[in-house]
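Contents: one structure, followed by commentary.
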Protein chains: 4
Amino acid sequence: MYNASNRSRSVLALARKPPTRKGPQLSPRKAPTQARARATVDAILRATARILTRRGYDGLSTNAIAQLAGVSVGSLYQYFPSKEALIRALVEQHVAELEAILTPDPSLLGQPLEVLARMLVKAMLEAHALDPALHRELLAAAEKVGVPQKQFIRSRGDVLVRALLEFYAPQLRPLDVELATFIIVGAMEGMELRITSEKPEWLTDERVVDELTTMLLRYVGHISVTGTGRRASS
Amino acid sequence: MYNASNRSRSVLALARKPPTRKGPQLSPRKAPTQARARATVDAILRATARILTRRGYDGLSTNAIAQLAGVSVGSLYQYFPSKEALIRALVEQHVAELEAILTPDPSLLGQPLEVLARMLVKAMLEAHALDPALHRELLAAAEKVGVPQKQFIRSRGDVLVRALLEFYAPQLRPLDVELATFIIVGAMEGMELRITSEKPEWLTDERVVDELTTMLLRYVGHISVTGTGRRASS
Amino acid sequence: MYNASNRSRSVLALARKPPTRKGPQLSPRKAPTQARARATVDAILRATARILTRRGYDGLSTNAIAQLAGVSVGSLYQYFPSKEALIRALVEQHVAELEAILTPDPSLLGQPLEVLARMLVKAMLEAHALDPALHRELLAAAEKVGVPQKQFIRSRGDVLVRALLEFYAPQLRPLDVELATFIIVGAMEGMELRITSEKPEWLTDERVVDELTTMLLRYVGHISVTGTGRRASS
Amino acid sequence: MYNASNRSRSVLALARKPPTRKGPQLSPRKAPTQARARATVDAILRATARILTRRGYDGLSTNAIAQLAGVSVGSLYQYFPSKEALIRALVEQHVAELEAILTPDPSLLGQPLEVLARMLVKAMLEAHALDPALHRELLAAAEKVGVPQKQFIRSRGDVLVRALLEFYAPQLRPLDVELATFIIVGAMEGMELRITSEKPEWLTDERVVDELTTMLLRYVGHISVTGTGRRASS
DNA sequence: AATGAATGAGATTTCATTCAT
DNA sequence: AATGAATGAAATCTCATTCAT
């Protein structure tokens, strides 16, 4: 289904994003080779995530990070040339996790749209259920730090949704694919954001999955087909 | 229709939010009674909004605000006990403006849902078209300053949408009103946010209004009814 | 003779240097209008000079300056946008003092070269006798901070010396004025620097004045003329 | 003439400076006995010189040095107990090179003063032409690190010039040898410094050599003698 | 009421030096 | 002998807030 194991095979033949050009000042300063170094970097990233979720971006100071990570500021700057780079690294790591979840299995493409849509919705919610607070903060922090939000998740979502709309076009009402994609991804993201900040427990609620799936299918004009992945869509 | 002139009459009998008297430290220090004082407060709020949109929350310093407003920092602190209070005041003002736009005319309630839905969508987009950048920044700033996002706009939207869902229930598919309200408002907000930051020109694009209206109506099961406010919904 | 009182009348009709283009980031942040502010600025500049002479450029930290000046770092940055700007300001003040000393009286131009040369040498030494240590440190600091050394004193010296060489040309051996000016000013400066750092007491020693004057006059081929300002030049 | 080959024979019987065994903390930590160690030390010194000229004293960090030298910081500290010691070592090496250039051949002492003076001037300029930038930076760095400038080069120049003044005294005007030596060396150094920083191309210009030689000879009263080393002195 | 000079804690970042491996 | 990860004091600069005038 949706998992990290098939990161390399893309069902829909979506082009992998290029190796992410890195400005010299913004990428991690050195790759930690020794075990100790690896542990340090991990501790720093973990501490950053923790503070971000606990105290928000404003409470995130390099000193605080170092302290919580149990290392010195110097060590932090040994691996990350700046606070910005540190956040970028965290974003990248987070995005990688999300992508692992959101990359569908190739075998799914033959499935009826209802099934696929439900899976997609569920995967999205699950992806955010990992660490909703972190996601929210990273979203805010990323922007300040110059990571365009598009890269964040949407790019993935956009490509995925567009591909689905095109593949299943015969079964759908006539759509302006561009606009529909924009709207679907926008609406989904908005939902996730709202659920995340107001009702995190819904991230794993099947009722919500159903309802969002229904919204999607109805929007694209897929009502007449009988049965969704779980129950009737009306 | 939807405009600032009927700020005082609430079509759908939505409860006015209480006069918002909060903690002693967070509300404006003194009610500006004289005209000059009122002007000063306005200047400060305007300056704050301006800097917020131009340079973001990080570029927003009390000294900069005072300077742009043409007053001294001392004066600023005479009217606002803290930066936080200042932002709260700005948020309140902004919310008031949005509400003015989003409060529908009583006579509309009899109209067919298609018409009302379209108006609602249009009003939402228009509301954000006022100053999308400010809206986005305020959204972020508000959170930092402790204004829960709910209060922001959603509470308004929630009440409104719930009322509509209940009023038009007979024409709709069976819905969990709570959940549907949450989803509709969340999706709409997500859309607005995305449009605002990625395609601001769409805030006034009729195609987008149509598409969102369609999404709404289809979601609530209002498909079979012929014609939306403007054109066929498929 | 040489003093601050005739700063505005330039004997040799030397063009005043233009108002010194100031980059926005490098000039003092605000002109202190209130008396208290003036005092603060003065204290800061004095403290800077003091630390510079006592502990050198490396011992010069903005915190140390503020502390010695008896103000807070914040105040320092209120008037000087950066450490660099602070040093620039100090340099300017110092240069102004030096120029006041080095600007000759118009009536001197008729005098025999021996007299003028001696006065020039004496003035140069006196100028540096003001605060030799500060001069030396400013010279080093200025470079790091981007003040071209030329501006420092040399520009003045160059123009002055060239003018003299041209005016008295008939009495001198044939000279490449350009080269000779460069050499004379360079040699004088080198002397000053060496005296300053190794034998500051010589800055006011008449024997040294005599010897340097002799060197100058002999170099330009003015030996045969009888009598210098004080005694025979050989 | 003046070259590195006769480093061991001192024409004018100038006392060699003692082997320089200073405070225990400031001299190289261990005498590198093995070839590899020698190579390491060389690499470190070369890297230091390089960074010094490329990025100045402020850009000189021990970590940067180690990296450029291709060794670890640890190794650097194995051979030099501190950054200060490292700079001292570099200064010493540089001074040794300069001395090699500035130590005249014994056979020259019989030559007419004009010839010798010209050679001296030329050798001085050539010495600095080796690496003017390095020289300038070392001059500044040395002071910070406590190497008194006297030791730097001047001591050499002083001894040399004093010896010449005494040897040729009969042909010169009556001089206070002490003072004259001080002045000559000071002026020469000042010139070098100025040329180095403002007109490095003049370091090898014969016109400049002539002019400085002329200045020297005229100053010491050697005018009447016909002909300098190259052309007439006026 | 208003002014704006002054405050100072705190943020980011650097770099000489140490020491476990 | 060599490595390079780790240290942490210290430097520059910002900005919300206070208070004497």
Residue of chain B nearest the B-to-A rotation axis [by Cβ], rounded angstrom distance: B:G190, 0
Sum of side-chain charges, D:T53 neighbourhood, beta-carbon under 14 Å (Lys, Arg +1; Asp, Glu -1): +2
Inter-copy label distances at B:R173 (7 Å, Cα→Cβ; nm, one decimal): 1.2, 10.8, 11.3
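Within segment D:84-224, what whole-number % of the accessible surface is contributed by carbon and sulfur, with the 1.4 Å probe and all protein chains included in the calculation? If you can, show how the numbers build up before the last one.
Numbers: 2660 of 4800 Å².
That share works out to 55 percent.
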Paired Rg and Dmax values of segment A:87-227, which use every Cα atom, in angstrom: 15.1, 47
Separation of the D:A100 and C:A133 label points, Cα + 7 Å toward Cβ, nm: 3.9 nm
Pairwise FRET efficiency - A:R36 versus C:V73, Cβ, R0 = 30 Å, nearest 0.05: 0.20
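Averaged over its residues, how many other protein chain Cβ atoms are within 10 Å of peptide B:188-199's Cβ atoms? Present the calculation step by step, with values, prior to reporting the outcome.
Working: counts 3, 6, 11, 8, 2, 5, 9, 3, 0, 4, 6, 3.
That works out to 5 on average.
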Rounded to whole Hz, the Karplus (6.51, -1.76, 1.60) HN-Hα couplings of segment A:89-105, x for glycine and proline: 4, 5, 4, 4, 4, 5, 4, 4, 5, 4, 4, 4, 6, 8, 7, x, 7
Pairwise centroid distance, computed over Cα atoms, of segment B:171-199 with segment A:188-206, Å: 12 Å
Nm distances between copies for D:V73, ranked from closest, using label points 7 Å along Cα→Cβ: 1.6, 2.3, 3.8
B versus A: buried accessible surface, summed, Å² (probe 1.4 Å, to nearest 100): 3500 Å²
Projected label distance in nm at A:S82 and B:S197, using a 7 Å step from Cα toward the beta-carbon: 2.0 nm
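Taking the Cβ of D:T204 as the center, what net charge do the other residues with Cβ under 12 Å away carry, scoring Lys and Arg +1 and Asp and Glu -1? Display every interim value, and only then the final one.
Values: positive: D:K122, D:K199, D:R207; negative: D:E126, D:E201, D:D205, D:E206.
Here the charged neighbours net out to -1.
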Per residue convex hull volume, Cα atoms of segment B:28-80, in Å³: 62 Å³
Hz values of 3J(HN,Hα) by residue in segment A:205-216 - Karplus curve (6.51, -1.76, 1.60), Gly and Pro given as x: 8, 4, 4, 5, 4, 4, 5, 5, 4, 4, 4, 4
Within-10-Å neighbourhood charge of C:V145 [Cβ basis; K, R +1; D, E -1]: +1
Accessible area (Å², 1.4 Å probe, nearest 10) - B:V121: 0 Å²
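The values are calculated or read from the model by the stated rules, or taken from the named source; none is laboratory data. Note that the coordinates shown come from a computational prediction; the quantities given were computed from them, not determined experimentally. Neighbour counts run over all protein chains shown; Cβ positions are idealised from the backbone, glycine included. Surface areas here come from the heavy atoms of the whole protein model, side chains and all, with no ligands, DNA or RNA. Shrake-Rupley method; radii C 1.70, N 1.55, O 1.52, S 1.80 Å.
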